[in-house]
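The values are calculated or read from the model by the stated rules, or taken from the named source; none is laboratory data. As the structure is a computational prediction, the values presented were derived from the model and not from experiment. Cβ sites come from the backbone with ideal geometry, for glycine too, and all protein chains shown count toward neighbours.
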Amino acid sequence: MTATTQAGQSAPPPTTQVRTLAEARRTFLRHSSPWFLLVASTTYVTALVVHGHWAWSQLVVVAALVAAQPFVEWLIHVYVLHAKPMRVAGRTLDSRQARKHRAHHADPRNLDILFIPMSGHVAGTLVGIGICVLLPTWSMRLALLATMALQSLVYEWIHFLVHTDYKPRTRAYRRLYVGHRLHHYRNENYWYGVTRRFGDSVLRTNPAKADVPLSPTCLSLAG
C-alpha cells in the first residue's frame with residue numbers, strides 16, 4: 001500500500017529518502033532477503049571453518065563460481081527475469097520471478113519490490129544442493145554454498161544501492177550504476193549485468209549509450 005501524507009497526497013518514493021550509505025544500510029536490512037542471505041552466508045562460512053579441512057580444491061570451486069557469475073547473472077536476467085508469459089495447453093504460464101521483475105521495471109524507484117523473492121532463494125538453494133552432489137568432498141561443497149550465498153548477498157546490495165539516490169564515489173561502482181540505470185531508463189535489451197559488466201561485454205550487450213535507441217518498453221517490458 002502506498003503511504004500518504006495527511007493532506008492525502010502520495011508520500012515520496014522510498015528511494016528519495018536514501019542518499020547516504022548509512023541510510024542505505026538501514027533500509028537494506030529492513031527486508032527479509034538480505035537477512036536470509038546473511039544467515040546463510042554466516043552458516044556456511046562457519047561450517048567451513050569448523051570443518052577445517054582446507055584444500056586447493058576449495059579455491060578451484062570459488063574461482064569457478066567467481067568466473068561464472070557474470071554469465072549466470074546475464075542468463076538469469078535474460079531468460080528468467082525477462083521471460084514472457086507463455087500459453088501452454090490453454091493456460092498462461094508466468095513465473096513469480098518474471099512478474100515481480102516486470103513490477104520492478106514499472107516502478108524502479110520502489111525499493112520494496114526489487115529483492116529476490118523467497119521462491120528464488122529456494123530455487124538457488126536447490127541448484128546449489130544439486131551441484132554439491134557432484135562434488136567429491138564436504139570442503140568443496142561448503143565452499144560452493146558459502147560462495148553462492150555471498151555472491152547473492154553482494155548482488156542484492158549492489159542492485160539495491162543502484163536504485164537509491166546514493167551517488168557513485170568510485171569508478172568501479174559508477175560503471176555498475178550507469179549500466180544498470182541505462183537498462184532501466186534507456187533500453188531493457190542491453191546492460192544486463194548488475195554486479196559485473198563482463199558478461200555484457202562478452203555477449204555484446206554493452207554498447208555505448210548513443211548507439212542504442214530509447215526503448216518505449218523499458219517500464220512495461222512489453223517489447
Inset, instruction - Please tell me if residue 204 is surrounded by fewer than 21 Cβ atoms within 10 Å (Cβ to Cβ), assigned to a helix (DSSP H, G or I), without any contact (Cβ under 8 Å) to a residue 40 or more places away in the chain and not small (Gly, Ala, Ser). - result: no
Inset, instruction - Confirm whether residue 127 is under 27 Å from residue 206 (Cα atoms) and either modelled with pLDDT under 95 or under 18 Å from the mean Cα position of the chain (by Cα) (or both). - result: no
Legend entry - Answer residue from the stretch 171-199, given it is free of Cβ contacts under 8 Å to residues at least 40 places away in the same chain and not in a helix (DSSP H, G or I) and is surrounded by the fewest Cβ atoms within 10 Å (Cβ to Cβ) among those: 189
Inset, instruction - Confirm whether residue 116 is under 23 Å from residue 200 (Cα atoms), in contact (Cβ under 8 Å) with a residue 12 or more places away in the chain and among the β-branched types (Val, Ile, Thr). - result: yes
Legend entry - Single condition residue 214 does not satisfy, out of (1) in a helix (DSSP H, G or I); (2) in contact (Cβ under 8 Å) with a residue 24 or more places away in the chain: (1)
Legend entry - Scan of the stretch 146-170 for residues that are farther than 18 Å from residue 71 by Cα, in a helix (DSSP H, G or I) and touching a residue at least 60 places away in the same chain (Cβ under 8 Å), ordered by number: 146, 157, 160, 161
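Is it the case, given these coordinates, that residue 37 is surrounded by fewer than 13 Cβ atoms within 10 Å (Cβ to Cβ) and at pLDDT 95 or above?
In short, no.
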Inset, instruction - Could you check, for the stretch 79-86, whether at least one of its residues is at pLDDT below 95, of a type in the set (D, E, K, R), farther than 17 Å from residue 162 by Cα and surrounded by fewer than 15 Cβ atoms within 10 Å (Cβ to Cβ)? - result: yes
Legend entry - Those residues of the stretch 40-58 which are modelled with pLDDT of 95 or more and exposed (fewer than 14 other Cβ atoms within 10 Å of the Cβ), in sequence order: 42, 46
Inset, instruction - Inspect the stretch 23-30 for any residue being loosely packed, with under 12 Cβ neighbours inside 10 Å, under 18 Å from the mean Cα position of the chain (by Cα) and hydroxyl-bearing (Ser, Thr, Tyr) and give the result as yes or no. - result: no
